[in-house]
1. Please work out which residue is nearest to the chain's Cα centre (by Cα), limiting yourself to the stretch 79-101 and to residues that are under 19 Å from residue 17 (Cα atoms) and in a loop (DSSP other than H, G, I, E, B).
2. Would you call residue 101 touching a strand residue (DSSP E or B) at 6+ places or on another chain (Cβ under 6 Å), surrounded by fewer than 20 Cβ atoms within 10 Å (Cβ to Cβ) and touching a residue at least 12 places away in the same chain (Cβ under 8 Å)?
3. Going by the conditions given, is residue 55 at pLDDT 95 or above, within 14 Å of the chain's Cα centre (by Cα) and farther than 19 Å from residue 4 by Cβ?
4. If I go through the stretch 15-42 residue by residue, how many of them are out of contact with any helix residue (DSSP H, G or I) (no Cβ under 7 Å at 6 or more places or on another chain), within 19 Å of residue 102 (Cα to Cα) and in contact (Cβ under 8 Å) with a residue 60 or more places away in the chain?
5. Tell me which residues, restricted to the stretch 1-29, are within 15 Å of residue 62 (Cβ to Cβ), exposed (fewer than 15 other Cβ atoms within 10 Å of the Cβ) and out of contact with any strand residue (DSSP E or B) (no Cβ under 7 Å at 6 or more places or on another chain).
6. Could you tell me whether residue 76 is closer than 18 Å to residue 20 by Cα and in a helix (DSSP H, G or I)?
C-alpha cells in the first residue's frame, strides 16, 4: 500500500485532533482511536486491515494523524498519556477497560477482537 492508498483508506475514518481523541477515550463508550501517518510503512501495511475490519464488523474508527503540524504537542501528550511509543497504534475504551496496542502485524480478526473484547 502506498501513500495515496493510505490517504484513501483513512477518508472512511473520522479525522480527529488530540483533544477529541482524549475525550473519546475518557468517555469509555466503546470508542476506537487509530494513531498513525501516511509516511510510516508499518501504518500503510496496517491501515488496509483496519479498514477491512471496520467494514466487516461495522466499527467506527477515529483517526488521529501522528504528525499533524497543527496538533503536534497535543498528539504527543496523548501518545505519552497512553504510552503509544510507535505507530500504528490503536486505543480502545469502554466501561471495563482502556487498552492500547501497537502491532502492525495484527490480522483483521485480531483488530475486531481488540475493538470488541
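1. The selected residue is 88.
2. Working: touching a strand residue (DSSP E or B) at 6+ places or on another chain (Cβ under 6 Å): yes; surrounded by fewer than 20 Cβ atoms within 10 Å (Cβ to Cβ): yes; touching a residue at least 12 places away in the same chain (Cβ under 8 Å): yes.
Answer is yes for this residue.
3. Details: at pLDDT 95 or above: yes; within 14 Å of the chain's Cα centre (by Cα): no; farther than 19 Å from residue 4 by Cβ: yes.
Taking the combined requirement at face value, the residue does not satisfy it.
4. 4
5. Listed by number, the residues that qualify are 11, 12, 19, 23, 26, 27, 29.
6. Values: closer than 18 Å to residue 20 by Cα: yes; in a helix (DSSP H, G or I): yes.
Yes: the conditions hold for residue 76.
The values are calculated or read from the model by the stated rules, or taken from the named source; none is laboratory data. In this text the structure is predicted, and so the values were computed from the model without any measurement. As a convention, Cβ positions derive from the backbone with ideal geometry for all residues, glycine included, and neighbour counts pool all protein chains shown.
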